[in-house]
1. Which one is farthest from the chain's Cα centre (by Cα) among residues in segment 153-180 that are farther than 18 Å from Val56 by Cβ and of a type in the set (S, T, N, Q)?
2. Can you pull out the residues in segment 25-76 that are without any contact (Cβ under 8 Å) to a residue 24 or more places away in the chain and on the phi > 0 side of the Ramachandran plot?
3. How many residues are surrounded by fewer than 17 Cβ atoms within 10 Å (Cβ to Cβ) and at pLDDT 95 or above when one looks only at segment 12-22?
4. Which one of Ala82, Ala54, Ala68 is in a loop (DSSP other than H, G, I, E, B) and farther than 24 Å from Glu185 by Cα?
5. Closer than 24 Å to Val7 by Cβ, out of contact with any Gly (no Cβ under 9 Å at 6 or more places or on another chain) and crowded, with 17+ Cβ neighbours inside 10 Å: does that describe Ala79?
6. Let me confirm something: among Ser89, Ser67, Ser122, which residue is outside the structural domain of Val175 (by TED's automatic domain parsing), closer than 26 Å to Arg197 by Cβ and among the hydroxyl-bearing types (Ser, Thr, Tyr)?
7. So which residues in segment 144-165 are more than 27 Å from Lys208 (Cα to Cα), of a type outside the set (Asp, Glu) and in contact with a strand residue (DSSP E or B) (Cβ under 8 Å, 6 or more places away or on another chain)?
8. Scan Val230, Val206, Val196 and give me the residue that is part of a loop (DSSP other than H, G, I, E, B) and at pLDDT 95 or above.
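The values are calculated or read from the model by the stated rules, or taken from the named source; none is laboratory data. On a predicted model such as this, the values are computed, not experimentally measured, just so you know. All Cβ positions, even for glycine, are placed from backbone atoms using ideal geometry, and neighbour counts span all protein chains on display.
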Amino acid sequence: MRLLAIVEYDGTDFAGFQLQRNQRTVQGELERALHKITGDAKRIRVMGAGRTDAGVHASGQGAHFDSAWEKPLEILHRALNAVLPNDISIRSLTQVAPDFSARYNATSRTYRYTILNHVIRSPLNERYALLVSEPLDVDAMNAAARCLIGEKDFGAFGTPPRGDNTVRRVYRAQVERHGDQVLIEIEANAFLYRMVRRIVGTLLQVGKGTLSIAEFSQVLERKIRAGEAVPPQGLCLTQVKYERQVTRIG
C-alpha cells in the first residue's frame with residue numbers, strides 16, 4: 001500500500017531533504033527508519049512534496065512511500081517516531097491511492113520566513129529566524145508582496161529545478177508583524193530554486209526603504225536586479241495541500 005506522511009523537521013543539521021551521497025538528509029533518515037522497522041530487503045524509497053535546501057525547516061512536509069506493512073498504521077506511526085532522530089517527527093500517516101504522488105498531486109505549498117526585527121540577537125531564536133536590527137516598514141513590505149499574487153514569470157527570483165519554465169502561480173503573499181517577529185508567508189502551486197529566499201531578500205530592501213513598491217514590481221519584470229537570497233534558517237515549509245478525494249482511501 002502507499003502511505004502519505006506529514007513530516008516535521010529541524011533542518012539545521014541536514015543537507016536538505018533529498019538524498020545526497022555522504023550527506024545527512026531528511027529522506028535518508030526516513031528511509032533508514034523504515035528499513036529498520038519493516039526489515040524489507042529492498043530499500044523503501046520516500047518521495048517528498050518539496051526538496052527543501054540545507055538548513056530549511058518544515059512543519060508540514062508531505063512525503064509518500066510504498067510498504068507491505070500489514071499491522072495497523074498507528075503501530076507503524078509510533079514505531080517510526082520511536083526510531084527517528086530527535087530532529088524529525090511524523091505528524092500523521094495516511095493510506096492513499098496507489099498512484100498518489102506527494103509531489104505531483106500537491107495543489108499548493110506554503111512557506112513562511114521568520115525575521116526577528118530587534119536590535120539585540122536572541123540565542124533561542126537564531127536557529128529559526130533571521131536577525132534584522134534596522135526598523136522595517138511592514139506595511140510597505142506587505143503592499144509589495146501583493147504584487148506577487150497571480151500566475152507570473154518568477155525567473156527574476158530563482159531557477160527551475162528542471163527544464164526552463166519559470167512561470168508559477170502565487171495564491172497568497174503576505175507580510176505581518178507579531179511583536180518583534182516579521183512573518184513573510186507565500187502560498188503557490190510550486191516554487192523555483194531559492195525563489196522564496198530571494199523574494200524575502202528583495203522585500204527586506206522595501207522594508208528598509210532602499211527599494212520602492214514600484215521598483216519591486218520592476219524586479220518581477222527583470223528591469224531591476226532582485227535582492228540577494230537570505231540565509232536558510234528563517235525558512236519553513238508549513239503546509240502542502242492535497243485534494244481530499246485524491247489522497248484518502250475509503
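1. The selected residue is Asn165.
2. Gly39
3. Residues of segment 12-22 surrounded by fewer than 17 Cβ atoms within 10 Å (Cβ to Cβ): 12-13, 19-22.
With the extra rule that they be at pLDDT 95 or above, the set shrinks to 12-13.
Adding up the residues that qualify gives 2.
4. Ala68
5. Yes; evaluated as a whole, the condition is true for this residue.
6. It is Ser89.
7. Pro160, Pro161
8. Exactly one of Val230, Val206, Val196 is part of a loop (DSSP other than H, G, I, E, B) and at pLDDT 95 or above, namely Val230.
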